[in-house]
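The values are calculated or read from the model by the stated rules, or taken from the named source; none is laboratory data. Only a predicted model underlies this, so the values are computations on that prediction, with no experimental measurement involved. With ideal geometry, Cβ positions are generated from the backbone for all residues, glycine too; neighbour counts draw on all protein chains shown.
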């Protein structure tokens, strides 16, 4: 079952252009700027539909916010066919841009094919990552948690925290720059936004400390970034 966010009431969405989406193993969840932070990490894809209240500016704003918080698939549907708008959405990072001129069945197939590849890539990534790290850390991808040697408790992480922990484990005892962390997790260009990375590290350290793990396991490398040291 895929979790798909839509930017309008789900009952209205199910009776619009892509009426078969919810019947193809997709669970539709209404998403907006207010609840996005809470649910975006659980979504496999987001479908944004233009209407009188959701113009190109607001859609572009939502795409940017989604990209900042997580990395799901993104599709946009425009009522009026406009090649320029399609290009803009794709340049913003959308995985597909459709209009009412596109056949519903074809759009539905493209979305489902994208989701299948997305899930397959995630499964292959999880298989590769399901190993005990040399520093006594076990990453558990299927439920986004981490376990430390000598501690039977699994520590639940958010998707971004898990990605950060994974990157640091893969570079054990090596400094990882702010830029490398930012581009790996958010998949966007780094614009010297150290605060965003530092904020994520702060939350991860706090979560580890509450579970009895030494927070300075993640050490700050001056003027560079962070490094995972010995437990």
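Quick grid of which residues meet (1) part of a loop (DSSP other than H, G, I, E, B); (2) modelled with pLDDT of 85 or more:
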{"site": "11", "(1), (2)": "no, no"}
{"site": "16", "(1), (2)": "yes, no"}
{"site": "34", "(1), (2)": "yes, no"}
{"site": "59", "(1), (2)": "no, yes"}
{"site": "67", "(1), (2)": "no, yes"}
{"site": "80", "(1), (2)": "yes, no"}
{"site": "87", "(1), (2)": "no, yes"}
{"site": "105", "(1), (2)": "no, no"}
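Residues that are free of Cβ contacts under 8 Å to residues at least 40 places away in the same chain and exposed (fewer than 15 other Cβ atoms within 10 Å of the Cβ) number at least 3 in the following helices (runs of 4 or more DSSP H) confined to segment 133-231: 194-210.
For the structure I just gave you, tell me whether residue 204 is assigned by TED's automatic domain parsing to the domain that holds residue 147, touching a helix residue (DSSP H, G or I) at 6+ places or on another chain (Cβ under 6 Å) and closer than 25 Å to residue 67 by Cβ. Spelling it out, residue 204 is indeed assigned by TED's automatic domain parsing to the domain that holds residue 147, touching a helix residue (DSSP H, G or I) at 6+ places or on another chain (Cβ under 6 Å) and closer than 25 Å to residue 67 by Cβ. When segment 36-57 is filtered for residues that are within 10 Å of the chain's Cα centre (by Cα) and part of a loop (DSSP other than H, G, I, E, B), the ones remaining, listed by number, are 43, 44.
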